[in-house]
Structures are given as structure tokens and as C-alpha cells.
1. Rounded to the nearest 500 deg cm²/dmol, what is the calculated helix-only ellipticity per residue at 222 nm for the chain, with -39500 (n - 2.57) per DSSP H run of length n ≥ 4?
2. When you count, for each residue, the other Cβ atoms within 10 Å and take the mean per peptide, how do 358-368, 238-248 rank with the highest first?
3. Taking Cα atoms, how many degrees apart are the long axis of helix 60-78 and the longest axis of the chain, rounded to 10 and kept between 0 and 90?
4. At residue 208 and residue 326, where each label point lies 7 Å from the Cα along Cα→Cβ, what is the point-to-point distance in nanometres?
5. Ratio of alpha-carbon Rg to the 2.2 N^0.38 Å globular estimate for the chain, to two decimals, please.
6. Give me the distance between the Cα centres of segment 402-475 and segment 75-127, rounded to whole Å.
7. Angle, helix 449-472 long axis vs. longest principal axis of the chain, Cα atoms, 0 to 90°, nearest 10?
8. How big is the gap, in Å, between the Cα center of segment 296-323 and the Cα center of segment 324-382?
Ligand code: ARG
């Protein structure tokens, strides 16, 4: 029999006299998206059937036949030959129905002591554990790119901004390392969310377990979980692990969005700090001169979807009584969408950052605005014993004067500076030095060369450690 003459009879036929209305069939079907769970469903079924046999609940020979049938289905899916039948609602019933076609009535033993409720919760948990690993791998790669690019730009100075106004000069490496900090915490959040997806829901049945002598700890161990369900009702009804994971995606996408926004700004003619590689830009269908930063724009745009997906699941869960409710089927599309969005975004951001060209002259020129050193001037007065507030006031007036008169602070003599505060110890040209300003910021977390180089070394060690840990984690 080929998969195209699939018997679409529902397994609950015994209780029903009428067929499902076509509109309901369409409305409730989920196989067009939950087929993404196929490999996890097969894994869960293998672990379940092995447990059933080892507990003597089903004969060993039947278990063997079922396992072989599941292997065939695995191969059919991999070869693109499996027909996903919407009339069979979801991936679980599609696989089970095909199994019974393949191995006959013994296939009907697979669902012993199991409900689609614990089955789908198990599939989804396995999916999320893998997706957490994928996110950590993608984040590792992006941080490696940022590490490399930062290494190239320890000596590239640019203005650091607050309120998008030039504030104080920083090293470009320091600015990009700010993102590796955020992305490092994101990776930790994925590892942490993974830790809360540690117990297998399998064995919980529909909600209250089974009268059969199941051993959920066996299937849990076979699937790599830390343990069996702690509470069967919680196991089928809860999706907080998924919420946490969606929150981690949303936050990570927000970080990527902020980085993207900077690339959009920096690649504009107004800034001119970077030029995106052709391979990571697009043109305009109308304006021949345009080279558009569509990649960072799309990442920024897609961060909205990730936030929406988180909110979507939270709202789905709100007000649901225990235990399983069909509303929970709505958990999957946001999760699959967030997984895809994050995977793609991390990939294109890595490529964009790896290939963009930095205009170090433009950056330095912008950083050479002497007003960026106004804080340094105030701190010079502090070193002369002036209270910071008085120093701030004096330099503020001096800056207002220089802006009004179109003066460069570096051209002012010591005497001219002293008109604004008697404690100025030297001329502007001696006090205002771009490199010196950056180097002087040498406390922990600062932008001096020594601090930035130490941060690069620390990051490299952290990434190596993480790569090793990830290499050891099976998916
Ligand atoms: N497709 C369903 C879901 O995603 C599977 C569970 C169905 N359970 C049920 N009792 N109808 O949640």
C-alpha cells in the first residue's frame, strides 16, 4: 500500500456515528505545521514502545514490529515520500495510522498507556531542547564574528552615543563587545531555559497517568531527560518552559534589532561609518544609486514577530483550566516561527558583520569633535581638587561659549580656559587628547586598550569553553 491510499478513519470511531464536518476538519488540522515535530514524535514513540515491552505490557515481538514500522516511516519522511493527511488532524495520528498500515493491527499497541496530550508535550519539549542548542550554536558563531571584528578594531575610535548625541569617544571593539555581553547572556538564558525542560511528560497519559504498570522513568532516560513527570496534570497542561524559551528568543531578537538599528544608521550617508557588503545588501528597483541595508532592517522587523510569538503563547495560556485544552495546539506555530526567525537572523547577522567594511577615518573624524572631551576637561578640574558639580558647571559654560563663538576648545590657552575656572592647569591643546581620553578610561569595564584587550581574551576563553560544552551536548 502506498501512503496515498491512507485510511483516514479516526481512531476514536467507536464513540462517533457521524463524520467530522469538512470545515471542522480544516479548522482543527495541525499537520501542516506540526509535521515539524515528526522526528521527535518518532523518538518519543520508540522510547514508549521499548518501555511498554520491558514492562511486559506488550509482547516483545510486537514491539519489534512497531520499531521496524517506525523506522520505515522515518525513512519515508526523510525521502519526502510520506503523505501528510490533513484528515488525520495532526502528526501523531498521521504517524500512527501509517504504522498500522505498515505493520497491521499490532501497530494499535503503540498508543497503549499514552495520550496525544503527553505525546505532544513530549515532542514539543524535545523540540525546544534542540532549538535551545541551535540558538546557543548560532549565538556562539555570531559572538565569534564579533570577537574577530573587534580584534581588528581595537584602534578604531568613534564617538560613543547617548540619546544618539555624540557623548564620549570609545574604541569600536568596546562598542561591539557590548553586544557580545548581551548575546552571552542570551546564550545563558537558552541554557537555562533548557534546564527547565528537563522532565519527560511521557507516562502522564491524558492527564492522570495510566492504570497499566508504566515505567515513565525508563522512557525519560531513553529520551535523555533528567527524570519522569513530577505531576501528570502539570506535564500535560503546562507550557511555561515554552514561554521561557520564547522570551529568550524575543530578548535575543531585541538585541539583534538594536545592533541592526546601528548598522542601518551607520551605513547611511549621514554617518558613513560602515558599508555593507554587496552580498548582504539589496538594491532599489527604482533608484539606481541605492544600496539598502535590508538585512538589518528585516532583523529589526522580525524582532516584532518574536515578541508577538511570546505574547501569543502567554495569552493562549491565560485562563486555561487544568489540564490539557485544545487551545494548547496554538502553542506550536509561534514556537516554530520563533525558532526559524532566530536561526535565520543569527545567520545573516553573522554574515553581515563578518563582511561589512568599516570606514575608520569617518569614525575617527567624528570622534575628533573636541566637545566629546568636555567630560575629561571637567575631570581635569576634579583632579585639581574642584568638586565635580562646580567643574561640570564651569565646563558647561565654557562649552556654551565655544559653541557660540565657533571656537575649538583645543585652541584655547591656559589663560583663556582660566577665565572659566582658575584651576585649569594647562592649555586646551595639552588637556584635550583623543587617544589619551580613551586610554584614561582604564577602570574595570572601560574602553582603554588594556581593558579592551583583556575583555577580548576573556571572551575568547568563554567562547572556547562554550564550544566545548556544546560539542558534548547531543541534540
Ligand atoms: N494536535 C494536538 C496539539 O497540538 C495534539 C493533542 C490533541 N489532544 C486532544 N486531546 N485532542 O495539542
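1. Only helices count here, giving -19500 deg cm²/dmol.
2. 238-248, 358-368
3. 50 degrees
4. Each label point is offset 7 Å from its Cα along the Cβ direction, giving 2.2 nm.
5. Normalised Rg, Cα atoms only: 1.33.
6. Segment 402-475 and segment 75-127 have Cα centres separated by 60 Å.
7. With both axes taken from Cα atoms, the answer is about 10 degrees.
8. Taking the Cα centre of each part, segment 296-323 and segment 324-382 sit 21 Å apart.
Every read-out reported here was derived from the displayed coordinates using simple, explicitly stated rules and does not represent laboratory data. On a predicted model such as this, the values are computed, not experimentally measured, just so you know. As a convention, Cβ positions derive from the backbone with ideal geometry for all residues, glycine included, and neighbour counts pool all protein chains shown.
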